[in-house]
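Structure, as structure tokens:
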């Protein structure tokens, strides 16, 4: 499956790790050592989030692409 959800990847000095967040999927995030791992792990956590949502009968948001922030 091709991921179409927006991913935000940034370095956290506090965690000493790259963090990746998927804003459209509440609570969907991961922390890793490298930027490349952030991309790879994002795909994994998105799939796991979707699988869990299906099992729990929750609504899975349709990817909106780039989100606009004020």
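What follows is calculated from the coordinates using simple rules that are stated; it is not laboratory data. Everything numeric here is computed off the predicted structure, so don't read it as measured data. Every residue, glycine as well, gets a Cβ built from its backbone with ideal geometry; the counts of neighbours run over all protein chains shown.
Of all residues in the stretch 1-14, those being in contact (Cβ under 8 Å) with a residue 12 or more places away in the chain and exposed (fewer than 10 other Cβ atoms within 10 Å of the Cβ) number 1. Counting only residues that are surrounded by fewer than 11 Cβ atoms within 10 Å (Cβ to Cβ) and in contact with a helix residue (DSSP H, G or I) (Cβ under 8 Å, 6 or more places away or on another chain), the stretch 28-57 holds 0 of them. Within the stretch 24-36, the set of residues being under 9 Å from the mean Cα position of the chain (by Cα) and farther than 17 Å from residue 52 by Cα is empty.
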